[in-house]
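Before any comments, here is the structure.
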Amino acid sequence: MVHLDGRDQVELDEHGHPLEPVARLEGHGPVTRAWVRDTLGPHARFTIRPVLDLAHQAPVDAYEIPARHRRAVRLLSPADTFPYGSCTSEHLQVDHTDPHGRGGPSKIGNYGPLTTSHHRLKTHGQWQVRQPFPGIHLWRDPHGATYLVDHTGTRPLGQQAGAPPPPPRRPTSTFEIYRPDIQLVLDPAA
């Protein structure tokens, strides 16, 4: 993907000469527009899209998430937002942080990409998530531990004050299915 500044302003160097406008080539870095035109132009097809203004995306009054919101979510959160999630697939589910069915709005700041498994854990597995700011996800697991997830990864925040204790573990029982022919006996005095 090539990012170009569409403004027609010309920047000048220290001697007043015009500078060649800079483009950014994903996975490569800065290049000149002339390089893009001369090197990629004859060999590539380009789709021109307007720059997304993440801060001013209009909310929608629908459960379905529009394509412009999906692109914005992808820019804010390039990977699965579940704690320690690392999937960066283009096919992640975009989930409403506050469920749409319970009044959660369809807007930037209420979406997060999740894998199908993580989406199910959030929906049915007693995990809780809030988004205090767009792209910042605060998760709480069923045991009360909290995690901050953003575009840089996951940071554990520890046990939340006043969180309920972990559920009691089920007692385990063991039994022998067969009795071995040979038994080893350790003598502690030896």
H3 fails exactly one of (1) open to solvent by 30 Å² or more (accessible area, probe 1.4 Å); (2) touching an Asp or Glu at 6+ places or on another chain (Cβ under 6 Å); (3) part of a strand (DSSP E or B), namely (2)
Does the stretch 67-74 include one or more residues that are outside any helix (DSSP H, G or I) and open to solvent by 30 Å² or more (accessible area, probe 1.4 Å)?
no
The condition from (1) outside any loop (DSSP other than H, G, I, E, B); (2) more than 30 Å from K122 (Cα to Cα); (3) of a type in the set (A, V, I, L, M, F, W, C) that F46 misses is numbered (1)
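Does the stretch 80-91 contain at least one residue that is within 22 Å of R155 (Cα to Cα), open to solvent by 80 Å² or more (accessible area, probe 1.4 Å), assigned to a loop (DSSP other than H, G, I, E, B) and out of contact with any strand residue (DSSP E or B) (no Cβ under 6 Å at 6 or more places or on another chain)? Full working, then the answer.
Initially, the stretch 80-91 is screened for residues within 22 Å of R155 (Cα to Cα), giving 80-89.
Filter once more, so that each one left must be open to solvent by 80 Å² or more (accessible area, probe 1.4 Å): 84, 86, 88.
Checking which are assigned to a loop (DSSP other than H, G, I, E, B) leaves us with 84, 86, 88.
If we keep only those that are out of contact with any strand residue (DSSP E or B) (no Cβ under 6 Å at 6 or more places or on another chain) too, we end up with 86, 88.
For the stretch 80-91, residues within 22 Å of R155 (Cα to Cα), open to solvent by 80 Å² or more (accessible area, probe 1.4 Å), assigned to a loop (DSSP other than H, G, I, E, B) and out of contact with any strand residue (DSSP E or B) (no Cβ under 6 Å at 6 or more places or on another chain): present.
Please go through the stretch 131-161 and pick out each residue that is assigned to a loop (DSSP other than H, G, I, E, B), under 13 Å from F82 (Cα atoms) and not small (G, A, S).
Applying the first criterion (assigned to a loop (DSSP other than H, G, I, E, B)) to the stretch 131-161 yields 134-135, 141-144, 151-152, 160-161.
From what is left, the residues that are under 13 Å from F82 (Cα atoms) are 135, 141, 151-152.
Once the filter is applied, which keeps residues that are assigned to a loop (DSSP other than H, G, I, E, B), under 13 Å from F82 (Cα atoms) and not small (G, A, S), the stretch 131-161 yields D141, H151, T152.
Kindly provide the set of residues from the stretch 80-119 that are of a type in the set (G, A, S), within 17 Å of Y147 (Cβ to Cβ) and free of Cβ contacts under 8 Å to residues at least 60 places away in the same chain, ordered by number.
Our first condition is that a residue be of a type in the set (G, A, S); within the stretch 80-119, this holds for 85-86, 89, 101, 103-104, 106, 109, 112, 117.
Still in the list and also within 17 Å of Y147 (Cβ to Cβ): 85-86, 112, 117.
Those that are of a type in the set (G, A, S), within 17 Å of Y147 (Cβ to Cβ) and free of Cβ contacts under 8 Å to residues at least 60 places away in the same chain: S86, G112, S117.
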Exercise. Before we move on, is A62 part of a loop (DSSP other than H, G, I, E, B) and either in contact (Cβ under 8 Å) with a residue 24 or more places away in the chain or under 19 Å from the mean Cα position of the chain (by Cα) (or both)?
Worked result: yes
Of the listed residues (P167, P132), the one being at pLDDT below 90 and surrounded by fewer than 11 Cβ atoms within 10 Å (Cβ to Cβ) is P167
Restricted to the stretch 135-147 and to residues being in contact with a Phe, Trp or Tyr (Cβ under 9 Å, 6 or more places away or on another chain) and under 17 Å from Y111 (Cβ atoms), the residue most open to solvent (accessible area, probe 1.4 Å) is L138
Restricting the stretch 37-69 to residues that are at pLDDT below 85 and of a type in the set (S, T, Y), the one nearest to N110 (Cα to Cα) turns out to be Y63
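The values are calculated or read from the model by the stated rules, or taken from the named source; none is laboratory data. As the structure is a prediction and not an experimental result, all values here were calculated from the model. When we count neighbours, we look across all protein chains shown, and the Cβ atoms used for this are built from the backbone with ideal geometry, even at glycine. What goes into the accessible areas is simple: the full protein's heavy atoms, side chains included, and nothing from ligands, DNA or RNA. Shrake-Rupley method; radii C 1.70, N 1.55, O 1.52, S 1.80 Å.
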